[in-house]
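Bear in mind that the values in this text are calculations on the coordinates, not laboratory data. Computed from a prediction, not measured in an experiment: that's the story for all the values here. Ideal geometry is used to build each Cβ from the backbone, glycine not excepted, and the neighbour counts take in all protein chains shown.
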Amino acid sequence: MSTKKNLFSWFTKPQPQPVDNKSFHLSPSIELEHNLSEQIYNALQGEIIEEVLAKIKISSNDVYWRSAMEGHSLKVDAELLPDIYALCLEVKQKLQFEEKVDFYITGDSSVNAFSVAAEDENEPHIVNINSALFDLMSRDELRFVIGHELGHLINKDTAMSRLISFVFPAESNMPIGLQHKVRLRNQLAELVADRYGYIAVENLDACVVAFFKMASGLDLVKMNVSIESLLKDNSRRLEYFLNDRGMSNATHPVNPIRVQALNLYAKAQDEESLQKCMDELISILLKVGDSELDEYVARFMASAGILVANIDGEIKEDEVNCILEKLSQMKIYPRQFLDQLVEQDVVEVFNDSVENILKINPGMREGILGYMISIILADNNISRDEVEFLYKFGSNIGYSEMEVASAVATNIQRSFIPDITSIC
């Protein structure tokens, strides 16, 4: 494993920012991405886990990737490929990235490139460019692609991915709330890498054309497609996502977001105006559900949780945690959502959400009741007032007292554990 003391040292000091004497650039970092990285790293006990893994040295990533590249790809060096080597070195110097990097070309028809950070500080990082890119891209477009991959190295993205993969080798075991945050962090990291790519070339048109070439696999310039037409098409497609219809839930943001984010970065005059414009784009990435029902369900979970937990006059930590755990399936920032809802008329929100949920999907009646029972059982204590509340609510949505009692009994057998302090 790595001999480095702390792969995530940028958490405690500002990230190095590329500086070019001929031009001015805003910071390529995105505050939300930085904060999410720190939050995920701390939640996974990253510093301790890295120290443990460094002692047992179980990883063979460096050997694996070096063997794959040396055995199946062509290494870019000054003697063998002087023009491409000079281009890669130029981008590396433009970004003022001083760590060692080996560049490779792999015979592959897919329009793609990737980077792999070395675990051992004595080993060079790897940037691979598939051969298809050289048939399709201009030199400026290649600068953007190379700069993007170096941006991932500068932003320590591989180190974060390795930590997450070690703690959760089977991604399905990762809590859903953490999955949402990891997905958002990865998408924002792509936007950061795009900014490094732009800094490497300082030609927005080349960056935009590169996006469309990688998306289509077509040489759009040879097909006489103008940059104006590409930007117009991008704006049209972006509207679909801005109008609360489209989702962007893959590891990479959808191209309309990436193109517009880079356009904003290239043209922004200051950090404040850039952040204001970026907030609208990031709001698309914050979406988890894709229907009107999802929002009503989230509002129900929050309001019902608050009302039920407060029946006994005290909202306990166990009850709050239960609410947040359920909300994390619907919201990337469940605590913020819950805090904002508390400032509203909670009873009105509750009644409105239940009415609309049952109007859209009457079959969710059982799940609604089950959720409220789970909140009551969360603190390992059942009060008479809480059960009476369930009978009254059940009646309002069409259940008899016997049906409610049966649901309560089933959940008690399934998940109730008496408070241990009551028998100590």
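Calculate the dipole size of the range 67-152 relative to its Cα centre from +1 charges on Lys and Arg beta carbons and -1 charges on Asp and Glu beta carbons; express the result in debye to the nearest 20. Don't jump to the answer; show the numbers that get you there.
Details: 6 positive and 17 negative charges, 62 e Å.
For the range 67-152, the charge dipole is close to 300 debye.
What is the extension gain from Lys267 to Asn249, computed as 0.36 nm multiplied by their sequence separation minus the C-alpha to C-alpha distance, in nm to one decimal? Display every interim value, and only then the final one.
Numbers: separation 18, 0.36 × 18 = 6.48 nm, distance 2.69 nm.
Stretched out fully, the Lys267 to Asn249 stretch lengthens by 3.8 nm.
For the chain, set up a Gaussian network in which alpha carbons nearer than 10 Å are linked by springs, and say which option among Ile382, Ile56, Ile284 fluctuates the most.
Among Ile382, Ile56, Ile284, the largest mean-square fluctuation in the Gaussian network model of the chain belongs to Ile56.
If one computes the Cα centroid of the range 165-217 and of the range 79-94, what distance in Å separates the two points?
24 Å
Calculate, axis by axis, the spread of Cα positions in the range 242-349 along the three principal axes, and write the results as whole Å, longest axis first.
Principal-axis extents of the Cα atoms in the range 242-349, largest first: 56, 28, 24 Å.
In deg cm²/dmol and to the nearest 500, what is the mean residue ellipticity at 222 nm of the chain if only DSSP H runs of at least 4 residues count, each as -39500 (n - 2.57), divided by the residue total? Kindly include the intermediate steps, with their values, before the conclusion.
Working: 19 runs with 258 residues, N = 424.
Rounded to the nearest 500, it is -19500 deg cm²/dmol.
For the range 198-206, in order, what is each residue's ³J(HN,Hα) by Karplus, 6.51 cos²θ - 1.76 cosθ + 1.60 with θ = phi - 60°, in whole Hz (x at glycine and Pro)?
Calculated HN-Hα couplings, in order: 5, 4, 5, 10, 6, 9, 4, 4, 5 Hz.
Which residue fluctuates most in the GNM of the chain (Cα springs below 10 Å): Phe350, Phe134, Phe166?
Phe166
Between the helical axis of 255-267 and the dominant principal axis of the chain, each derived from Cα atoms, what acute angle in degrees is found, rounded to the nearest 10?
Rounded to the nearest ten degrees, it is 60.
For the range 9-217, give the share of DSSP beta bridges that are antiparallel, in percent and rounded to the nearest 5; count only bridges with both residues there. Walk me through the numbers on the way to the answer.
Working: 7 of 13 bridges.
Counting DSSP beta bridges with both partners in the range 9-217, the antiparallel share is about 55 percent.
Out of every Cα pair in the chain, what percent are spaced more than 34 Å from each other?
The share of Cα pairs beyond 34 Å in the chain comes to 45 percent.
Under a Cβ-only charge scheme (Lys and Arg +1, Asp and Glu -1), can you give me the dipole magnitude of the chain about the Cα centre, in debye to the nearest 20? Walk me through the numbers on the way to the answer.
Details: 39 positive and 65 negative charges, 168 e Å.
Using only the charged Cβ atoms, the result is roughly 800 debye.
Could you go through the range 406-421 in sequence order and give the Karplus-derived ³J(HN,Hα) for each residue, using 6.51 cos²θ - 1.76 cosθ + 1.60 with θ = phi - 60°, rounded to whole Hz, and x for Gly and Pro?
Coupling constants for the range 406-421: 5, 5, 5, 4, 4, 5, 4, 5, 7, 9, 7, 10, x, 4, 5, 5 Hz.
I'd like the Karplus ³J(HN,Hα) series for the range 359-366: coefficients 6.51, -1.76, 1.60, θ = phi - 60°, whole numbers in Hz, and an x wherever there's a Gly or Pro.
Per residue, the Karplus-derived 3J(HN,Hα) values read 5, 6, 9, x, x, 8, 4, 5 Hz.
Quick one: which of 277-283, 339-345 comes out on top by average Cβ neighbours within 10 Å, and what's the full order, highest first? List each step's numbers first, then the result.
Details: 277-283: 15.7, 339-345: 12.1.
Result, highest mean first: 277-283, 339-345.
About its Cα centre, what dipole magnitude does the range 9-217 give when the only charges are +1 on Lys and Arg Cβ and -1 on Asp and Glu Cβ, stated in debye to the nearest 20? List each step's numbers first, then the result.
Details: 18 positive and 31 negative charges, 83 e Å.
Magnitude of the dipole: close to 400 debye.
For the range 9-217, what value does the Rg/Rh ratio take when both radii are computed over Cα atoms and Rh is the Kirkwood radius, given to two decimals?
Details: Rg = 17.4 Å, Rh = 18.1 Å.
When Rh is taken as the Kirkwood radius, the ratio is 0.96.
Of the listed pairs Lys156/Lys267; Lys94/Lys222; Lys181/Lys287; Lys287/Lys331; Lys213/Lys287; Lys100/Lys213, which have alpha-carbon separations greater than 18 Å here? Walk me through the intermediate numbers first.
Values: Lys156/Lys267 26 Å; Lys94/Lys222 29 Å; Lys181/Lys287 11 Å; Lys287/Lys331 8 Å; Lys213/Lys287 27 Å; Lys100/Lys213 29 Å.
Correct reply: Lys156/Lys267; Lys94/Lys222; Lys213/Lys287; Lys100/Lys213.
Which of the listed residues, His34, Leu285, Leu262, is farthest toward the dipole's positive end in the chain, when Lys, Arg count +1 and Asp, Glu count -1 at the beta-carbon?
Working it through, the farthest residue towards the positive pole turns out to be Leu262.
How far, in degrees from 0 to 90, does helix 271-285 lean away from the longest principal axis of the Cα atoms of the chain, to the nearest 10?
It is inclined by approximately 60 degrees.
Counting only residues 5 or more places away or on other chains, whose amide H sits under 5 Å from the amide H of Tyr104 once H atoms are built in the peptide plane?
Under 5 Å from the amide H of Tyr104 lie the amide H atoms of Val76, Val127, Asn128, Ile129, each far enough along the sequence or on another chain.
Towards the positive end of the charge dipole of the chain, with charges on Cβ (+1 Lys, Arg; -1 Asp, Glu), say which of Ser115, Phe168, Met223 has the farthest Cα.
Met223
Provide the three semi-axes, in whole Å and in decreasing order, of the ellipsoid equivalent to the range 292-423 as defined by the square roots of 5 times the Cα gyration tensor eigenvalues. Mind showing how you got there, number by number?
Details: eigenvalues 97, 72, 33 Å².
They are 22, 19, 13 Å, listed largest first.
Can you tell me the orientation of helix 157-167 relative to the chain, as the angle in degrees between its alpha-carbon axis and the longest Cα principal axis, to the nearest 10?
That helix lies at roughly 40 degrees to the long axis.
For Lys55, give me every one of the lysines with a C-alpha distance below 18 angstrom, ignoring sequence neighbours fewer than eight places off in its own chain.
Output for Lys55: Lys4, Lys5.
Pairs of alpha-carbon atoms within less than 8 angstrom and 6+ residues apart define the contacts here; what relative contact order does the chain have, in percent? Can you show the working numbers first?
Working: 491 pairs, mean separation 51.2, N = 424.
The normalised contact order for the chain reaches 12 percent.
What residue among Leu74, Phe103, Tyr196 has its Cα farthest toward the positive end of the dipole of the range 9-217, where the charges are +1 on Lys, Arg and -1 on Asp, Glu, each on the Cβ?
The residue sitting farthest along the positive end of the dipole is Tyr196.
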